[in-house]
Amino acid sequence: MRQWFAALALVPYLYGASFAQSSYPDRPITLIVTAAAGGVTDVAARAVGQELSKAWGQPVIVENRGGAAHILGAQSVAKADPDGYTLMVGEAGTFTINPTVYPPGKLPYDTDRDFVPISGLVRINQALIADTKLPADNAAELIALAKQKPGALTYGTAGIGSAPHMNMALFESMAGVKLQAVHYRGAAPALNDIASGSINLMSVSVSLALPAVRGGRAKMLGIGSEQRIPQAADIPTVAESGLPGYQAVTWFGLFGPAKLPRDIVMKLNGEVTKIFADADFRARFLEPQMFAAMPGSPEAFAAYIKKERDKWAKVIHEANITLE
């Protein structure tokens with residue numbers, strides 16, 4: 001009898017917690033973006049945030065906290081209350097590159113312990129481009145040229161550990177060649193130096209590369225997608241043009257702080273799935289940006305992150321890439 005009364009006494013608290021979560025959201029949500037305004041992370045966050053706001057009738061405020069290789073924004077979310085009102089749109093490197101490229105204990109959070117994956121958002125295919133005078137027109141010819149001139153060919157990055165850096169490091173590893181990295185403060189200045197012929201190569205998003213290629217300022221040796229993409233169906237994948245199995249993509253996902261209640265995770269996940277299934281949203285947002293949708297269950301997203309981290313850890317160790 002005493003146990004029965006104890007259980008009965010808990011009912012109001014359990015009911016209150018359930019009610020609080022079922023009424024979510026009942027106030028504005030803040031989406032932390034781990035990069036500066038105007039970048040792909042920011043664009044994806046604003047597009048998804050706008051749709052969430054329309055669906056739920058609550059403001060979704062995008063707050064940019066870029067800097068320190070996405071660490072500043074991630075740290076603020078790791079320390080946030082797990083109530084669903086502070087979320088993060090983060091890019092792949094936060095979860096797949098930084099945990100390996102930084103020495104143990106250098107990151108102010110643990111990516112496994114301090115975050116909960118909610119859903120993938122978008123995946124972006126990266127193009128392998130070259131200056132127009134480089135005597136190689138596909139991946140096979142580039143590999144042959146690089147083997148003739150080990151360490152002589154240069155490629156631009158957006159900084160150590162950035163997607164343009166890691167995708168070229170992966171190319172080196174898979175092709176068995178040695179290239180020379182030239183690090184920039186962002187993709188745009190590196191792309192400018194491709195056009196001027198100051199550097200030879202770069203891995204950059206297809207949407208950013210195509211204007212330069214179609215304007216005659218660069219040439220595209222292949223796209224790091226699994227299959228040819230509709231917006232550039234005339235351009236082969238890197239895999240089919242000389243390096244089988246090679247894929248160069250970056251992705252962005254929705255995360256919350258650890259201990260975010262499961263029903264809030266699933267409510268957010270379900271809404272993201274609806275957003276990306278909407279034909280109008282796909283035509284208005286995904287297709288012009290050449291983004292590929294990647295929503296899925298939290299469990300599938302978590303498994304994908306682990307697989308990606310293991311893949312990049314191997315590349316990082318082989319290339320001896322570190323950050324202090």
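Annotations for the structure displayed:
- Remark: pairs (first residue in the stretch 151-177, at positive phi; second residue among the small types (Gly, Ala, Ser); Cβ separation under 8 Å; 6+ apart in sequence or on different chains) = Gly159/Ala69; Gly159/Gly186; Gly161/Ala69; Gly161/Gly93.
- The listed residues are Leu52, Leu72, and the only one of them that is at pLDDT 95 or above and either surrounded by 13 or more Cβ atoms within 10 Å (Cβ to Cβ) or within 24 Å of Arg309 (Cα to Cα) (or both) turns out to be Leu52.
- When residues of the stretch 178-192 are limited to those that are on the phi < 0 side of the Ramachandran plot and of a type outside the set (A, V, I, L, M), the one modelled with the lowest pLDDT: Arg185
- Among the residues here, Val204 does not qualify as closer than 19 Å to Ala144 by Cβ and buried (at least 24 other Cβ atoms within 10 Å of the Cβ).
- Taking the stretch 268-324 as the range and being surrounded by 12 or more Cβ atoms within 10 Å (Cβ to Cβ) and not in a helix (DSSP H, G or I) as the test, the residues that pass are Asp278, Met290, Phe291, Ala292, Ala293, Met294, Pro295, Gly296, Ser297, Ile321, Thr322, Leu323.
- Residue match in the stretch 30-40 (condition: under 19 Å from Val272 (Cβ atoms), at pLDDT below 95 and of a type in the set (Gly, Ala, Ser)): no
- Candidates in the stretch 19-39 are the residues that are in contact (Cβ under 8 Å) with a residue 40 or more places away in the chain and under 15 Å from Met88 (Cβ atoms); of these, the one that is surrounded by the most Cβ atoms within 10 Å (Cβ to Cβ) is Thr34.
Listed here are the residues, each with its yes/no results for (1) under 30 Å from Thr132 (Cα atoms); (2) at pLDDT below 95; (3) charged (D, E, K, R).
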{"position": "Ser225", "(1), (2), (3)": "yes, yes, no"}
{"position": "Ala233", "(1), (2), (3)": "yes, yes, no"}
{"position": "Thr237", "(1), (2), (3)": "yes, no, no"}
{"position": "Leu260", "(1), (2), (3)": "no, no, no"}
{"position": "Met266", "(1), (2), (3)": "no, no, no"}
{"position": "Ala279", "(1), (2), (3)": "no, no, no"}
{"position": "Pro298", "(1), (2), (3)": "no, no, no"}
{"position": "His317", "(1), (2), (3)": "no, yes, no"}
{"position": "Ile321", "(1), (2), (3)": "yes, yes, no"}
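- Every condition in (1) under 18 Å from Val43 (Cα atoms); (2) under 20 Å from the mean Cα position of the chain (by Cα) holds for Ala303 except the one numbered (1).
- Hits in the stretch 210-234 - residues which are surrounded by fewer than 20 Cβ atoms within 10 Å (Cβ to Cβ) and in a loop (DSSP other than H, G, I, E, B): Gly215, Gly216, Arg217, Glu226, Gln227, Arg228, Ile229, Ala233, Asp234
- Scanning the stretch 175-194 for residues that are part of a loop (DSSP other than H, G, I, E, B) and surrounded by 16 or more Cβ atoms within 10 Å (Cβ to Cβ) yields a total of 3.
Yes/no matrix, rows are residues, columns are (1) more than 27 Å from Ser205 (Cα to Cα); (2) under 16 Å from the mean Cα position of the chain (by Cα); (3) polar (S, T, N, Q):
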| position | (1), (2), (3) |
| --- | --- |
| Val62 | no, no, no |
| Gly73 | no, yes, no |
| Asp83 | yes, no, no |
| Met88 | no, yes, no |
| Ala92 | no, yes, no |
| Pro99 | no, yes, no |
| Leu107 | yes, no, no |
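- Some residue of the stretch 129-136 being touching a helix residue (DSSP H, G or I) at 6+ places or on another chain (Cβ under 7 Å), surrounded by fewer than 23 Cβ atoms within 10 Å (Cβ to Cβ) and polar (S, T, N, Q): no
- Test: residue in the stretch 241-251 that is in contact with a Ser or Thr (Cβ under 6 Å, 6 or more places away or on another chain) and either under 30 Å from Ser53 (Cβ atoms) or of a type outside the set (A, V, I, L, M, F, W, C) (or both): no
- Of all residues making up the stretch 240-258, the number that are over 16 Å from Ser119 (Cα atoms) and either in contact (Cβ under 8 Å) with a residue 60 or more places away in the chain or surrounded by 21 or more Cβ atoms within 10 Å (Cβ to Cβ) (or both): 7
The values are calculated or read from the model by the stated rules, or taken from the named source; none is laboratory data. Computed from a predicted structure; not experimentally measured. Here the Cβ is made from the backbone with ideal geometry for all residues, glycine too, and neighbour counts use every protein chain on show.
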